[in-house]
1. Filter region 302-327 down to residues that are part of a loop (DSSP other than H, G, I, E, B) and touching a helix residue (DSSP H, G or I) at 6+ places or on another chain (Cβ under 7 Å), then give me how many there are.
2. Out of everything in region 74-93 that is touching a residue at least 60 places away in the same chain (Cβ under 8 Å) and part of a strand (DSSP E or B), what residue ends up being farthest from A115 (Cα to Cα)?
3. A189: within 30 Å of T398 (Cα to Cα) and touching a strand residue (DSSP E or B) at 6+ places or on another chain (Cβ under 9 Å), yes or no?
4. Kindly establish whether N324 is buried (at least 20 other Cβ atoms within 10 Å of the Cβ), in contact (Cβ under 8 Å) with a residue 40 or more places away in the chain, farther than 15 Å from F221 by Cα and polar (S, T, N, Q).
5. For region 75-90, name all the residues that are more than 24 Å from the chain's Cα centre (by Cα) and not hydrophobic (A, V, I, L, M, F, W, C).
6. Search region 288-308 for residues that are among the hydroxyl-bearing types (S, T, Y) and pair each with any residue that is buried (at least 23 other Cβ atoms within 10 Å of the Cβ) when their beta-carbon atoms are under 6 Å apart and the residues are at least 6 apart or on different chains.
7. Return yes or no: is D145 more than 15 Å from S33 (Cβ to Cβ), buried (at least 24 other Cβ atoms within 10 Å of the Cβ) and touching a residue at least 40 places away in the same chain (Cβ under 8 Å)?
8. Got a sec? Which of G402, G394 is under 17 Å from A193 (Cβ atoms) and modelled with pLDDT of 95 or more?
Amino acid sequence: MSIRLVLAISVLALAPSLAHAQSCELLATLSLSNVTIASAQPVASGAFVQPQGRGGRGGADPFAGVPAFCRVAGSAKPAADSDIRFEVWLPAAGWNGKLQTVGNGGYAGTIGYGALATAVQAGYAAASTDTGHVGGDPGFAAIPDKLIDFAHRAIHETTVAAKALVAAHYGTGPRLSYFNGCSTGGRQALTAAQRYPADFDGIVAGAPANSTVRMTAMQLFSGNAVRATPAAALPQAAREALHAAAIAACDAPDGVKDGVIENPLACRVDAARAGLTREQADAASRVYAGPGRVFPGLAPGSELGWNGLSGDEPFAYALGMWRNVVFRDQAWDPKALDVEAHVAKADPIVNSLGLQAIDPNLKPFFDRGGKLLMYHGWNDPLISPYNSVNYYRGVLETLRQGSGQARPDESIRLFMMPGVNHCAGGAGTDTWDKAQVLDQWRESGRAPSRVVASHQTEGRVDKTRPLCAFPQVAVYKGSGSTDDAANFDCRQP
């Protein structure tokens, strides 16, 4: 540690209000193994401007409400071809004593500025990484070090650096450290719990893409089924007919006909009765079923989102994974997919890289007091929600066998979101503060059994509904507004 940094920390202990402004810029001199700090600059309240080309958004300024913070940008190089860029945002005032690392989506390649802003507004120090490459082109996977960084190393290296920066800036390390991510971020979350159990005290894992090869095999399998012949195609009208059939068959059991299927596990859709042709009904049945034992299919209610899997071209993320990681052949034709044989070939490859996070043994994480909050939208058209159900059940069974606990679910909770698409969106109630729920759980030791989520239209809340800890489902009490969560109970299905 440099003399200047030692002096800064000493001043911090004596006069925090003065030292924070000074110590921010001094963080650029911090010496960390394999890490280069490129800059450390204070940012005034509402003054942050997102860099162009790194995930910028139009419309109203999403950072107008962000309080003053110290913005640290750096890079980690744990391997020869690594270049893990990260940012750590440190609130200038009102720090809650905790660190939140945020996850990525797709092939990553960007800093999650919006997620950083949300975390800082809630009082957290926050960290994000581009996972070692810039942009969402999967070509980076041809470089082994960069692929391993994307798979698991980048989140770990970023979190280690962030904890050191927090300690240097505030004179003490974070009291609690959390991870919050969905999709690719959900895979990163489960990877952290399995591979780096000491990194976080609590983890939010949404719609996890944790079974990388099997998930993408399902996506290509579904596309092949729909594109097998012109007669099997599922244009929008066919998907709407399927969705109407699913709602008619499965909507009512929760006591409310509202276009949302509360419990798809208790629901079956007969595609042949949806007014489709025989070829279309067969293709739809294959999408619902998925590729056999390899990976589950999609749930009733998700049909309106199948355009991504049933378009004219194969799903880009899945194709990129198989061409760049499994076969390393840009000419590989997804029509040649032999699901079971090719997955058997691919599983060892992605497992050796750390790209799959399917180990249900989370005992090392739980033994440290770690809490895992999972969530998944039942209408997810990209990653089967049954995958989260299966993983959750596997974790519980592993805990029971290993410890004989009567209530092994006190360290893990799964909240399925009826009518919600991939991570968010849809007719269901998709808005709730996952980080707050996790923090309250970790601080109080009381596992959540029910959370209230809202649905918004044009920024206005028009419905609330309880999300129930799986396997419970929300059931209408029989009186009062069906748009008010207070009028629903959580019950065993």
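1. Matching residues across region 302-327 total 4.
2. A76
3. Details: within 30 Å of T398 (Cα to Cα): yes; touching a strand residue (DSSP E or B) at 6+ places or on another chain (Cβ under 9 Å): yes.
Yes, satisfied.
4. Values: buried (at least 20 other Cβ atoms within 10 Å of the Cβ): yes; in contact (Cβ under 8 Å) with a residue 40 or more places away in the chain: yes; farther than 15 Å from F221 by Cα: yes; polar (S, T, N, Q): yes.
In short, yes.
5. The first filter runs over region 75-90 and keeps only residues more than 24 Å from the chain's Cα centre (by Cα), leaving 77-81.
Of everything in region 75-90, those that are more than 24 Å from the chain's Cα centre (by Cα) and not hydrophobic (A, V, I, L, M, F, W, C) turn out to be K77, P78, D81.
6. S302/N379; S302/P381
7. Values: more than 15 Å from S33 (Cβ to Cβ): yes; buried (at least 24 other Cβ atoms within 10 Å of the Cβ): no; touching a residue at least 40 places away in the same chain (Cβ under 8 Å): yes.
Spelling it out, it is not the case that D145 is more than 15 Å from S33 (Cβ to Cβ), buried (at least 24 other Cβ atoms within 10 Å of the Cβ) and touching a residue at least 40 places away in the same chain (Cβ under 8 Å).
8. Values: G402 fails: modelled with pLDDT of 95 or more.
Every option except G394 fails the conditions.
The values are calculated or read from the model by the stated rules, or taken from the named source; none is laboratory data. Predicted model only: the values in this text are computed from it and were never measured. Methodologically, a virtual Cβ is constructed for each residue, glycine included, from the backbone with ideal geometry; neighbour enumeration extends over all protein chains shown.
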